[in-house]
Amino acid sequence: MDGKTYLVRTYGCQMNVHDSERLSGLLESAGYTAAPEGTDADVVVLNTCAVRENADNRLYGNLGHLRPVKDAHPGMQIAVGGCLAQKDRGEIVRRAPWVDVVFGTHNVGSLPALLERARHNEEAQVEIKEALEVFPSTLPAKRDSAHSGWVSISVGCNNTCTFCIVPALRGKEKDRRPGDVLAEVQALVDQGVLEVTLLGQNVNAYGVEFRERGAFADLLRAAGRIEGLERIRFTSPHPREFTDDVIDAMAETPSVCHQLHMPLQSGSDDVLRRMRRGYRRDRYLGIIDRVRAAMPDAAITTDIIVGFPGETDADFEDTLDVVRQARFSSAFTFQYSKRPGTPAADMADQLPKEVVQERYLRLTALQDEISWAENTAQVGRRVELLVAAGEGSKDAARGRLSGRARDGRLVHFTTADGVRPGDVVETVVTAAKPHFLVADGVLLSHRRTRAGDATEAGTRPTTPGVMLGLPQIGVPAPLPAVLACS
C-alpha cells in the first residue's frame, strides 16, 4: 500500500479548481503522493462540471480512455466528483462500471475513506450528500500556485436563474465567518503568497447567512489590512446585490485590484426577466458608470449568453447595444444550451442552432473589436506585473514571460536574467492584441519575492485543515509507549 500516487483532473470553474486543491491536499494528508508527469497514477480523480452542454460526453469519453489504462494496471482506482457526479449519481457507475468511487459536491472530504472502502469491499462506492457535510476550506489543501491563492468565502447560491443548474448541485449559500476567511488569507501570506482571489458563487451576497449587511465590503477592507498581501481580487459578483459600499471598498483599499467581473448575461430587459436575474439593463449600466467614476482605470469583464429561449432579433440588438456602452475589456460569451433540470430547458421558443451561431459570431466579433481598442489604449502605459507560469504558450520561443497587471490584463513581456514566476516586475506596454498586451522593452524594475523563491525551489503553499479522522494509507505510525503500573 505504500507509495501510492494520485492525479486530479479538473473541469469547469474556479470553484472546481479550488476544490481540486482540496482533493490534492486530502490525498496527500492520507499518504498519497502526486504522480510524476508522464506516469500512470494509482488513483485518478476527475473533478467534473455540469454547466456546459457537452459535459456528459466529455466525462464518459475520458472514462473510456481510462478503462484500458486501468485494465493494464491492477489496483488502479478511478474516482469521479464534482457537479456532474452530484447530478448523475449512480448513473456514472452504471455507464462506466470500472469507476470505483463517485462523490458529490457536498462531501469532498469523504474521498480518502471512499477509496479505502472501495478497495476493501472490492466494489464501487457511490456517496452523494444532499447538504454540505463540512465547509471545504476546513479541509487540507495543496495549492497550485506559489504566488496566488483561491480563498472560498461562501459556497452555494440562493438565486433562481432559470438557465443555471448550479444551485441544485451546490445547494443554498453557506457563508464562512470573517475570522476564518482572514485566518486562511493570513496563512497563505505567511507562506509568501502575494495575491488572493475571494471566491463565491455569488460572492457579493456574502453575509446573507449571518444577516450582516455590508459584510462583503467589510471583508475586503479587513483583508486589505493584512501586511504583505499585495493584491485582492474576487469573483463572481451578481449585479442584483452589487452595492455602492463595495465600490467604495474597492476604490479606498490599495490592495484591492481595480478589476471587476460582472456577469451581464443579456442586455434585453425581457430576456433578463425570463432569466430571473433580478435586475434590468439600466441598473447594470448604472453600476458600470459608478465603478468607472470611482476607478477610471478599472477593467470590467463579463459573461453573456446568446440565444436564450425566446430571444428575438430586437433582444439581441439590445445586448449588442449594452456591450457597446459598457466597453468590456473582455467577455466570456456562450451559446445557450439546455441543461436538464432547469426551468429554461422547458421554455417554449427554443432557438435553432444556426440562429444562435450567427448571433454568437456577431457578438464575439463586436467584443473582439472593443477589446482590441481598449487594449490599444494601454500602449505606452507603465504596468506592474505579477509574473505567472504557463500563461503564454509561445513565450519560451520568443524569450518572454507572462504576468498579470493589477487590472487583470495578461501581458507578455521580454524577460531578463533571474526573473521567476512569483516575482514582480515593472515594464511599459508596447503593443496590443484583443486578448493580451505585449511589453517588448527593457524591464524598468524587478523585485524578487518569497513567492519567486518558492517557485524556484518547487514548493507550494499548503493549508492543513482538519482531517476528520480520514484513513491513511501505508504503515501506521507506532503507538506511544505505555508505562506499566509500579
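A few points about this structure:
- Test: residue in segment 92-102 that is farther than 29 Å from THR33 by Cα and either at pLDDT 90 or above or not in a loop (DSSP other than H, G, I, E, B) (or both): yes
- Filtered residue count, segment 328-379, keeping only those that are of a type in the set (D, E, K, R) and open to solvent by less than 30 Å² (accessible area, probe 1.4 Å): 2
- Test result for ASP282, surrounded by fewer than 19 Cβ atoms within 10 Å (Cβ to Cβ), touching a helix residue (DSSP H, G or I) at 6+ places or on another chain (Cβ under 8 Å) and part of a helix (DSSP H, G or I): no
- Verdict on LEU272 being free of Cβ contacts under 8 Å to residues at least 12 places away in the same chain and crowded, with 20+ Cβ neighbours inside 10 Å: yes
- Summed over segment 409-435, residues that are modelled with pLDDT under 95 and among the aliphatic types (A, V, I, L, M) total 1.
- If the condition is being over 26 Å from the mean Cα position of the chain (by Cα) and open to solvent by 10 Å² or more (accessible area, probe 1.4 Å), then segment 296-319 contributes PRO296, GLY310, THR312, ASP313, ALA314, ASP315, GLU317, ASP318.
- Close pairs from segment 97-112: first under 19 Å from LYS4 (Cα atoms) and open to solvent by 10 Å² or more (accessible area, probe 1.4 Å), partner part of a loop (DSSP other than H, G, I, E, B) and among the small types (Gly, Ala, Ser), Cβ under 8 Å, at least 6 apart: ASP100/ALA124
- Test: VAL429 is in contact (Cβ under 8 Å) with a residue 40 or more places away in the chain and touching a Lys or Arg at 6+ places or on another chain (Cβ under 6 Å): yes
- Qualifying residue in segment 296-305 (condition: under 26 Å from ARG233 (Cβ atoms) and of a type in the set (S, T, N, Q)): yes
- Selection status of ASN57, touching a strand residue (DSSP E or B) at 6+ places or on another chain (Cβ under 7 Å), closer than 29 Å to GLY156 by Cα and not acidic (Asp, Glu): no
- Unique match (being surrounded by fewer than 21 Cβ atoms within 10 Å (Cβ to Cβ), more than 17 Å from GLU195 (Cβ to Cβ) and without any contact (Cβ under 8 Å) to a residue 12 or more places away in the chain) among ASP440, ASP417, ASP395: ASP417
- In segment 286-295, the residues that are out of contact with any strand residue (DSSP E or B) (no Cβ under 7 Å at 6 or more places or on another chain), part of a helix (DSSP H, G or I) and surrounded by 16 or more Cβ atoms within 10 Å (Cβ to Cβ): ILE287, ARG292
- Any hit, segment 165-178, residues being without any contact (Cβ under 8 Å) to a residue 40 or more places away in the chain, surrounded by fewer than 21 Cβ atoms within 10 Å (Cβ to Cβ), within 21 Å of LEU198 (Cα to Cα) and over 19 Å from the mean Cα position of the chain (by Cα): yes
- Pair list, Cβ < 8 Å and 6+ apart or interchain, from segment 285-304 residues that are closer than 19 Å to PRO254 by Cβ to residues that are open to solvent by less than 20 Å² (accessible area, probe 1.4 Å) and part of a strand (DSSP E or B): VAL291/LEU260; VAL291/ILE300; ARG292/ILE300; ALA298/LEU260; ALA299/LEU260
- Matching residues in segment 181-208 - criterion: being acidic (Asp, Glu) and either in contact (Cβ under 8 Å) with a residue 40 or more places away in the chain or surrounded by 18 or more Cβ atoms within 10 Å (Cβ to Cβ) (or both): GLU184, GLU195
- Qualifying residue in segment 224-236 (condition: at pLDDT 95 or above, open to solvent by less than 10 Å² (accessible area, probe 1.4 Å) and touching a Gly at 6+ places or on another chain (Cβ under 7 Å)): yes
The values are calculated or read from the model by the stated rules, or taken from the named source; none is laboratory data. Every value quoted in this text rests on a predicted model; they were computed, and no experiment measured them. With ideal geometry, Cβ positions are generated from the backbone for all residues, glycine too; neighbour counts draw on all protein chains shown. Please note that ligands, DNA and RNA were not included when accessible areas were found on the heavy atoms of the full protein model with its side chains. Shrake-Rupley method; radii C 1.70, N 1.55, O 1.52, S 1.80 Å.
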